[in-house]
Amino acid sequence: QLALDFPSEDVFLITASPVIKAVTNFRQVSKTLEEFDVEEQPSSLLEKRYPNIKVIQSEVKQLKSDEHKVLTEDGKEYIYDKLCLCAGAKPKLILEGNPYVLGIRDTDSAEAFQKNLAQAERIVVVGNGGIALELVYEIQGCEVIWAIKDKAIGNTFFDAGAAEFLIPKLRGENRETPIECKRTKYTMEGSDEKERSIAASDKPGSALGPDWHEGLDLKGTKEFSHKVHIEILCEVKKIHLQQEFLQLQQNSLTFPKEGKNAEPEEVLWPVYVELTNGKIYGCNFIVSATGVVPNVKPFLDGNDFAVGEDGGLKVDKHMHTSLPDTYAAGDICTASWEPSPVWHQMRLWTQARQMGWYAAKCMAADTLGESIDMDFCFELFAHVTKFFNYKVVVLGKYNAQGLGLDHELMLRCTKGQEYVKVVMQNGRMMGAVLIGETDLEETFENLILNQMDLSAYGEDLLNPDIDIEDYFD
């Protein structure tokens, strides 16, 4: 966007990764909903398309904001007029530095995961967000113990009702064939494989796109399809390596059979997970899919950034940080303006793309001394994704975030087909979750945006015999 707005200025993109993430197959589904794929491309493609962009492949060593200077690990320094920090977030690992704990947030870590899975008989997955959800659904031929701190699966996107709707899909043996992966993978020319695997493990990769698991062959060693056991309302208390576990002289448990309790087991595993509910399970490795933390560390030293409670760099409604000429966008930032009543920040690809585009617009407006209005995409939280092969649309305060007790829920559910939930407050629609091909997203988006009083319609709002789309067209 900057290259388009300033064709005669130099635009530098400093990145630790040899590839860039490009948004492809972009489709505006409705006013605020958008669908796209995320593809890795060699950075030379970007430079070819925009002659004023130069991609610098190096990590940032230090930011000297008072001198308007960025120092890179390869010993160079770059002077800027305006700077935007888009360094994303890194996985919040349950335990740093343990070889049996893998964090997943990017394509590199997903590949490492796949290599390990090929030899695995049992893994423990910790976490309850989008990545954990997809992972557990995709894995075949391997026992999965899934530890979640909530009562129901997928708490970031769903409530317990939606979780119940999805569970049969997790238990079901018949798997639809996934659509093929649209992402191509680039390797670095002439790079030594061995060197790469060491480097890749601790360098931040770029965040996964919405279809990251499609190209991976997620199969373990066992010859059955799905074996998932969910341990609810618990967290990891301790992780024991094999030696430590033997010294504990305690029992670990077998994989629980349908309707029966787990029994002590004789097999020895490389690593053991002790949960806060007192159970201990052995496994080949542990996947930490417990969310992300903003990747601010390289920039804080010597700079007086205002930092949000979640650790991100605070930005105002023009994506400006607390330092002059310095902006931030995506997972690294914390939205610190007074948000619209039906928008909230969530570290997702959709918001990263919107914020990046809008930050460029703000940088341009500031440079030219023009004023700029907040972009429309911040009016309504809207996200479309896929879970368990269902289309999933979440709108507004879909989980009644911040509404307190003063709200009511309306539900419509057809087993195996669709799940529709709306969040109402004082007769107005504040949010919705749509799972399956409901075709209601545009109607609901409009009803949330225009805050029309719907009390007269009562339960009929979700009556399947009434064509609500035509009604509010």
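The values are calculated or read from the model by the stated rules, or taken from the named source; none is laboratory data. All of these numbers come straight from a predicted model, not from anything done at the bench. Here the Cβ is made from the backbone with ideal geometry for all residues, glycine too, and neighbour counts use every protein chain on show. Only protein heavy atoms, including side chains, enter the accessible area calculation; ligands, DNA and RNA are left aside. Shrake-Rupley method; radii C 1.70, N 1.55, O 1.52, S 1.80 Å.
Odds and ends about this structure:
- Criterion: under 17 Å from the mean Cα position of the chain (by Cα), under 30 Å from Val420 (Cβ atoms) and open to solvent by 10 Å² or more (accessible area, probe 1.4 Å) - qualifying residue of Gly154, Gly103, Gly129: Gly129
- Ile14 farther than 24 Å from Lys386 by Cα and either free of Cβ contacts under 8 Å to residues at least 40 places away in the same chain or open to solvent by 60 Å² or more (accessible area, probe 1.4 Å) (or both): no
- Here Val293 meets the list (1) assigned to a strand (DSSP E or B); (2) of a type in the set (A, V, I, L, M, F, W, C); (3) modelled with pLDDT of 95 or more; (4) under 24 Å from Gln401 (Cβ atoms) almost entirely, failing just condition (3).
- Residue list for region 364-400, restricted to those being in contact with a Pro (Cβ under 8 Å, 6 or more places away or on another chain) and either surrounded by fewer than 14 Cβ atoms within 10 Å (Cβ to Cβ) or closer than 22 Å to Asp465 by Cα (or both): Asn389
- For first residues located in region 298-324 and of a type in the set (A, V, I, L, M, F, W, C), partners that are open to solvent by 20 Å² or more (accessible area, probe 1.4 Å) and in a helix (DSSP H, G or I) and lie 6+ apart or on another chain with Cβ distances below 9 Å form the pairs Val307/Leu300; Leu313/Leu300; Met319/Lys361; Leu323/Asp66.
- A single entry from Val70, Val55, Val101, Val29 fulfils the requirement of being closer than 30 Å to Glu379 by Cα, hydrophobic (A, V, I, L, M, F, W, C) and touching a strand residue (DSSP E or B) at 6+ places or on another chain (Cβ under 8 Å): Val29.
- Flag if Asp373 is charged (D, E, K, R), in contact (Cβ under 8 Å) with a residue 40 or more places away in the chain and not assigned by the TED database to the domain that holds Asp439: no
- Segments classed as strands (runs of 3 or more DSSP E), wholly inside region 297-356, with at least 1 members that are buried (at least 19 other Cβ atoms within 10 Å of the Cβ) and in contact with a His (Cβ under 6 Å, 6 or more places away or on another chain): 326-328
- Qualifying residue in region 240-248 (condition: in a loop (DSSP other than H, G, I, E, B) and open to solvent by 20 Å² or more (accessible area, probe 1.4 Å)): no
- Total residues in region 271-296, condition open to solvent by 20 Å² or more (accessible area, probe 1.4 Å) and under 19 Å from Leu93 (Cα atoms): 8
- Filter result (within 30 Å of His318 (Cα to Cα) and among the β-branched types (Val, Ile, Thr)) within region 78-108: Ile79
- Wholly enclosed strands (runs of 3 or more DSSP E) of region 20-116 bearing at least 3 residues within 25 Å of Asp5 (Cα to Cα): 34-42, 53-57, 77-79, 83-85
- You will find that of Asp66, Asp74, the residue that is under 30 Å from Asp375 (Cα atoms) and not aromatic (Phe, Trp, Tyr) is Asp66 and no other.
- Scanning region 401-459 for residues that are among the basic types (Lys, Arg), farther than 19 Å from Leu33 by Cα and either part of a loop (DSSP other than H, G, I, E, B) or open to solvent by less than 50 Å² (accessible area, probe 1.4 Å) (or both) yields Arg412, Lys415.
- Every pair of residues 6+ apart whose Cβ atoms lie under 6 Å, when the first sits in region 101-120 and is over 23 Å from Glu40 (Cα atoms) while the second is part of a helix (DSSP H, G or I) and modelled with pLDDT of 70 or more: none
- Number of residues in region 160-174 that are modelled with pLDDT under 80 and open to solvent by 30 Å² or more (accessible area, probe 1.4 Å) equals 4.
Yes/no per residue for (1) modelled with pLDDT of 90 or more; (2) touching a Leu at 6+ places or on another chain (Cβ under 6 Å); (3) basic (Lys, Arg):
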| position | (1), (2), (3) |
| --- | --- |
| Lys219 | no, no, yes |
| Leu241 | yes, no, no |
| Glu265 | no, no, no |
| Pro270 | yes, no, no |
| Thr276 | yes, no, no |
| Ile280 | yes, no, no |
| Asn284 | yes, no, no |
| Ala289 | no, no, no |
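- Yes/no for Gln345 being without any contact (Cβ under 8 Å) to a residue 24 or more places away in the chain, within 20 Å of the chain's Cα centre (by Cα) and in the same structural domain as Lys82 (by the TED database): yes
- Any hit, region 18-38, residues being in contact with a helix residue (DSSP H, G or I) (Cβ under 9 Å, 6 or more places away or on another chain), open to solvent by less than 60 Å² (accessible area, probe 1.4 Å) and within 18 Å of Thr326 (Cβ to Cβ): no
- Matching residues in region 51-95 - criterion: being buried (at least 16 other Cβ atoms within 10 Å of the Cβ), at pLDDT 95 or above, more than 14 Å from Ala16 (Cβ to Cβ) and β-branched (Val, Ile, Thr): Ile53
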